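Colleague: Sharing a structure with you now.
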Amino acid sequence: MTGFARLALAALLAIAADGIARADDLKAKIGVLRLSSSAPVFIAQDKGYFREAGLDIELKFFDAAQPIAVATTSGDVDFGITAFTAGLYNLAGKGTLKVIGGMSREKAGYPLIGYFASNNAYASGLKTPKDLAGKRIAVTQVGSSFHYSLGLLADKYGFKLADVKVLPLQSLSNAAAALKGETVDAALLPISTARSLIDSDGAKFLGWVGDETPWQLGAVFASPKTLTNGAMVTKLLGALVRADREYHDVILDSVKNGKAAINEQTKPLLEIIAKYTNLPVEQVVGNCAYIDPDGKLDVRNVGNQISWMQEQGFVDKGFGVDAIIAKEYVKAD
């Protein structure tokens, strides 16, 4: 057999072996948003970390956080990775969801969700987040991460959330349109949504949630049925932590003044995030959410979220953070 023939045969055998391995992979669906706050998910998928862990992963994209929680409960997806919401907590409180790991956080120095003012409100004196007291403010939904962020701000500056006219407009695009159209004074929006408004002088930037009130924004969660397959859960979390670490050490470590550097080390990962979020790399660099390198979850903060939402009447009473955490998987921070 010639050297070329031996190389060709070896290549065919490698392809066949890979095909056999893939046939034995555990299949799973992950519900996720096309936001850079889920960057490790995209890295693990694109770089083959899930596959190397023995998983055949399909990413299913959603337009809002709450439907991901519902889809995980119903079995339409096996895992959900998104922001905490009142709806998610209500499902988890009934035992239909368990949190198994941490994901994005609001943290100083890492722009994610911002406070934005309409041009007229800004001209009339709405210059800082503290000035939001008593204003008309757009959020997506009651009990959303944006609503909770506003509640934290009210607590910080001593004004009553009840004195703010919170307008749940159901989608980010609706909130942005209301802000531009001057039908609200302000809105809480991710920078990926607000950037075009700011660039076109359609609104004014007031500040970042992470700078004002850091908190645990996102998590990895699963239904009790999924958790019966411990091997699959362990493989998934292992692949995610591998991607968490790479994202943290390569991209987050390069962040200065709220933006990641574009260089030989960061560009390949930034291009993966851009691919899955449908954003140019130049926009991704200013929207790199903080994620713990070991996938840890700020359990105490999650407990505070539940308590706050229960006090507001957004979440059913009668359960606390211990009821929704899968302690055998969660790494507490």
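The values are calculated or read from the model by the stated rules, or taken from the named source; none is laboratory data. Quick caveat: nothing in here was measured; it's all calculated off a predicted structure. All Cβ positions, glycine included, derive from the backbone under ideal geometry; neighbour counts span all protein chains shown.
Colleague: Can you tell me which condition Thr193 does not meet? The list is (1) assigned by TED's automatic domain parsing to the domain that holds Tyr89; (2) without any contact (Cβ under 8 Å) to a residue 24 or more places away in the chain, and all the others hold.
Modeller: Single failed check for Thr193: (1).
Colleague: In the stretch 269-284, what count of residues is obtained for those that are in a helix (DSSP H, G or I), out of contact with any Lys or Arg (no Cβ under 9 Å at 6 or more places or on another chain) and of a type outside the set (Val, Ile, Thr)?
Modeller: Final tally of qualifying residues: 5.
Colleague: Residues in the stretch 155-165: is at least one free of Cβ contacts under 8 Å to residues at least 40 places away in the same chain, touching a strand residue (DSSP E or B) at 6+ places or on another chain (Cβ under 9 Å) and part of a strand (DSSP E or B)?
Modeller: yes
Colleague: Hey, can you tell me all the residues within the stretch 282-311 that are over 20 Å from Phe42 (Cα atoms), surrounded by fewer than 21 Cβ atoms within 10 Å (Cβ to Cβ) and in contact with a helix residue (DSSP H, G or I) (Cβ under 7 Å, 6 or more places away or on another chain)?
Modeller: Val299, Gly303, Trp308, listed by residue number.
Colleague: Check every one of the strands (runs of 3 or more DSSP E) wholly within the stretch 27-119 and list those with 1 or more residues that are out of contact with any strand residue (DSSP E or B) (no Cβ under 6 Å at 6 or more places or on another chain), aromatic (Phe, Trp, Tyr) and closer than 22 Å to Lys225 by Cα.
Modeller: 55-62
Colleague: Condition first: at negative phi, in a helix (DSSP H, G or I), in contact (Cβ under 8 Å) with a residue 24 or more places away in the chain and not assigned by TED's automatic domain parsing to the domain that holds Ser192. Can you find one or more residues in the stretch 285-298 that meet it?
Modeller: Taking every residue of the stretch 285-298 in turn, none turns out to be at negative phi, in a helix (DSSP H, G or I), in contact (Cβ under 8 Å) with a residue 24 or more places away in the chain and not assigned by TED's automatic domain parsing to the domain that holds Ser192.
Colleague: Here's a follow-up. What are the pairs with Cβ atoms under 9 angstrom where one residue, in the stretch 58-86, is touching a residue at least 24 places away in the same chain (Cβ under 8 Å) and closer than 25 Å to Gly313 by Cα and the other, located anywhere, is crowded, with 17+ Cβ neighbours inside 10 Å and acidic (Asp, Glu)? Sequence gap at least six, or different chains.
Modeller: Cβ pairs passing all conditions: Thr72/Asp78.
Colleague: Right, another one. Would you mind stating whether Gly93 is modelled with pLDDT of 95 or more, at positive phi and over 18 Å from the mean Cα position of the chain (by Cα)?
Modeller: Working: modelled with pLDDT of 95 or more: yes; at positive phi: no; over 18 Å from the mean Cα position of the chain (by Cα): yes.
It is false that Gly93 is modelled with pLDDT of 95 or more, at positive phi and over 18 Å from the mean Cα position of the chain (by Cα).
Colleague: Also, quick follow-up: Here is a list: Thr96, Thr82, Thr73. Which entry is surrounded by 24 or more Cβ atoms within 10 Å (Cβ to Cβ) and among the polar types (S, T, N, Q)?
Modeller: Thr82
Colleague: Report, ordered by the first and then the second residue, all pairs with beta carbons closer than 8 Å, sequence separation of six or more or different chains, a first member in the stretch 213-238 that is closer than 20 Å to Val299 by Cα, and a second member that is of a type in the set (Asp, Glu) and part of a loop (DSSP other than H, G, I, E, B).
Modeller: Trp215/Asp298; Gln216/Asp298; Ala222/Asp78; Ser223/Asp78
Colleague: Would you mind telling me which numbered condition in (1) among the polar types (S, T, N, Q); (2) part of a loop (DSSP other than H, G, I, E, B); (3) touching a strand residue (DSSP E or B) at 6+ places or on another chain (Cβ under 7 Å) Asn301 fails?
Modeller: (2) is the only condition that Asn301 fails.
Colleague: Also, quick follow-up: Out of Gly286, Gly295, I need the residue that is modelled with pLDDT under 95, touching a strand residue (DSSP E or B) at 6+ places or on another chain (Cβ under 8 Å) and of a type outside the set (Asp, Glu). Which one?
Modeller: Details: Gly295 fails: modelled with pLDDT under 95.
Answer to the selection: Gly286.
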